[in-house]
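Report on the following structure.
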Amino acid sequence: MINFKEIDPLLHSRIRLAIMSLLISVEEVDFNFIKESTGATDGNLSTHLQKLNKAGYIEIKKYFVDNKPKTICKISDNGRKAFGKYVKVLENVIYPKNEEKGK
């Protein structure tokens, strides 16, 4: 039986899933790139990034370049593990292992 409770609700959001999908394949990326890639507004993206950061899934670095704020995001080891587990759970939902088939 499929256990939908195993789906991580933090990652099962369109924007947070998009953020994690971007970060899983790069070392780090800036806020504007994520914003353009996801189509999120500044405020909406900031909220989602903070949720992922609070969960320990991403790391956020903020600094200034020429007196302009710069935000860089990077997936954490915990985030990599959580994302991998999320993908496996979805695979099990899409392709359930039916032990009854053999009977």
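The values are calculated or read from the model by the stated rules, or taken from the named source; none is laboratory data. Here the structure is a predicted model, which is why all the values come from computation and not from measurement. Here the Cβ positions follow ideal geometry from the backbone for every residue, glycine too, while neighbour counts run over all protein chains shown.
List of remarks:
- Listed by first and then second residue, the pairs linking a residue in the stretch 64-90 that is under 13 Å from ASP8 (Cα atoms) to a residue that is among the basic types (Lys, Arg) and in a helix (DSSP H, G or I), with Cβ atoms under 8 Å apart and 6 or more places separating them unless they lie on different chains, form an empty list.
- Those residues of the stretch 67-77 which are outside any helix (DSSP H, G or I) and either surrounded by fewer than 11 Cβ atoms within 10 Å (Cβ to Cβ) or within 10 Å of the chain's Cα centre (by Cα) (or both), in sequence order: ASN67, LYS68, PRO69, ILE75
- Among (1) out of contact with any helix residue (DSSP H, G or I) (no Cβ under 8 Å at 6 or more places or on another chain); (2) surrounded by 13 or more Cβ atoms within 10 Å (Cβ to Cβ); (3) aromatic (Phe, Trp, Tyr) - the single one TYR95 does not satisfy: (2)
- Sole residue being modelled with pLDDT under 95 and either touching a Lys or Arg at 6+ places or on another chain (Cβ under 7 Å) or of a type in the set (Lys, Arg) (or both), chosen from LYS5, LYS54: LYS5
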